[in-house]
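Handing you this structure, nothing more for now.
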Amino acid sequence: MKKMIGAAFGLMMVPGLAAAEDCGDVSITEMNWASAAIVTNVAKFILEQGYQCNVQVVPSSTVPAVTSLAENGEPDIVTEMWTNGGGPAYIKLKEEGRVAELAPVLSPGGVEGWFIPKWLADKHPELATIDGIKANPELVGARFNNCPEGWGCRILNDNLQRALGVEDSGIEIFNHGSGETLATSIAAAFEDEEPWFGYYWAPTAVLGKYEMVKVELGPVDAEVHARNQDKDRDNPEISDFPPSPVWTVVTSEFSTERPAIASMLSQMTFDVGVMNGILAWQDANGASAEEAAVNYLLNNKDQWSAWLNEDATANLAKILQ
């Protein structure tokens, strides 16, 4: 496997291997988090080796990417765009018809919620709901593992735990000082076979490595969820976490001028559980985003082959057997 990854990875690094003039120049973001980097490198490999594009990767994050689209109409492709973080500037771009959302690159979207270990849910099924946890606080260690100060999820969690009366049920709210200690607490709980209850999100390597069950907090109400993001909310209400929309976004000009590429991107979707597994493999092997992308391509042909047209399928068949 390492030899196969090394060989395929080498192809990614050889300029001019594909006939770039057939497609031309394409600019694509690489957002500054792990799953987005993998998505970008999967797309880059397919575009270069399948569609014979000359791909320029642009390091970015949500706000700078939206600003660049608004001011410069670039880059051509924004991968893993969490549209609820784009703010008014992104909404304006959509309203003006300057960008197109081609596909939800993560399905069903970004996942947030309150979780317990699967082994604990299997042993005590009643803990799969918040009412069951509140009635049995000792079964989850009488502790809720909260987000660090300054994170958006901290505001949501603080409002939700007040609305749900979590502390009143005898559960301590433990506020982690960093994302690292939050992740470490899950690893330690699994290693010691101790209960764990708290907030986490996907896609992440943590949820790829450790089987967790999302606790049902109640119905999802988008308006309540939005109101609960106000740190000064006096009377928070109950709503579970809805999936966060995560799209592949392109400029409208690019979508019109490159229909074959737009068609491929409109089908490029990763199940969140699959992405969790990719991230877990990357973490366990100390791999780069490029290596993780090639590992995915080598082992999941049944998934990505459905994205391609005939010419791209033939080109990639010469490389990935």
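The values are calculated or read from the model by the stated rules, or taken from the named source; none is laboratory data. These figures come from a predicted structure and were not determined experimentally. Because the Cβ atoms are built from the backbone with ideal geometry, glycine has one as well, and the counts that use them run over all protein chains shown.
Within the bounds of region 108-119, is there any residue that is part of a strand (DSSP E or B) and of a type in the set (Asp, Glu)?
Yes.
Quick check on my filter: what residues within region 189-219 are part of a helix (DSSP H, G or I) and closer than 22 Å to Gly277 by Cβ?
Matches in region 189-219: Ala189, Phe190, Glu191, Ala205, Val206, Leu207, Gly208, Lys209.
Please work out which one of (1) more than 25 Å from Gly208 (Cβ to Cβ); (2) of a type outside the set (Asp, Glu); (3) surrounded by 16 or more Cβ atoms within 10 Å (Cβ to Cβ); (4) out of contact with any Phe, Trp or Tyr (no Cβ under 8 Å at 6 or more places or on another chain) is the condition Leu102 fails and give its number.
Going through (1) more than 25 Å from Gly208 (Cβ to Cβ); (2) of a type outside the set (Asp, Glu); (3) surrounded by 16 or more Cβ atoms within 10 Å (Cβ to Cβ); (4) out of contact with any Phe, Trp or Tyr (no Cβ under 8 Å at 6 or more places or on another chain) one by one, Leu102 breaks only (4).
Among the candidates Asp221, Asp234, Asp240, Asp230, single out the residue that is more than 30 Å from Trp281 (Cβ to Cβ), in contact (Cβ under 8 Å) with a residue 60 or more places away in the chain and of a type in the set (Asp, Glu).
Checking each option against the conditions leaves just Asp230.
State all residues of region 44-98 that are surrounded by fewer than 22 Cβ atoms within 10 Å (Cβ to Cβ), of a type in the set (Ser, Thr, Tyr) and assigned to a loop (DSSP other than H, G, I, E, B); if no residue qualifies, say none.
Ser61 - this is the single residue of region 44-98 that is surrounded by fewer than 22 Cβ atoms within 10 Å (Cβ to Cβ), of a type in the set (Ser, Thr, Tyr) and assigned to a loop (DSSP other than H, G, I, E, B).
Residue under question is Gly218, and the condition is that it be over 20 Å from Ser107 (Cβ atoms) and either modelled with pLDDT of 95 or more or touching a strand residue (DSSP E or B) at 6+ places or on another chain (Cβ under 6 Å) (or both); does it hold?
Spelling it out, Gly218 is indeed over 20 Å from Ser107 (Cβ atoms) and either modelled with pLDDT of 95 or more or touching a strand residue (DSSP E or B) at 6+ places or on another chain (Cβ under 6 Å) (or both).
Can I ask one more? Filter region 277-301 down to the residues that are free of Cβ contacts under 8 Å to residues at least 60 places away in the same chain, closer than 18 Å to Val105 by Cβ and assigned to a helix (DSSP H, G or I) and list them by number.
Within region 277-301, no residue meets the criteria.
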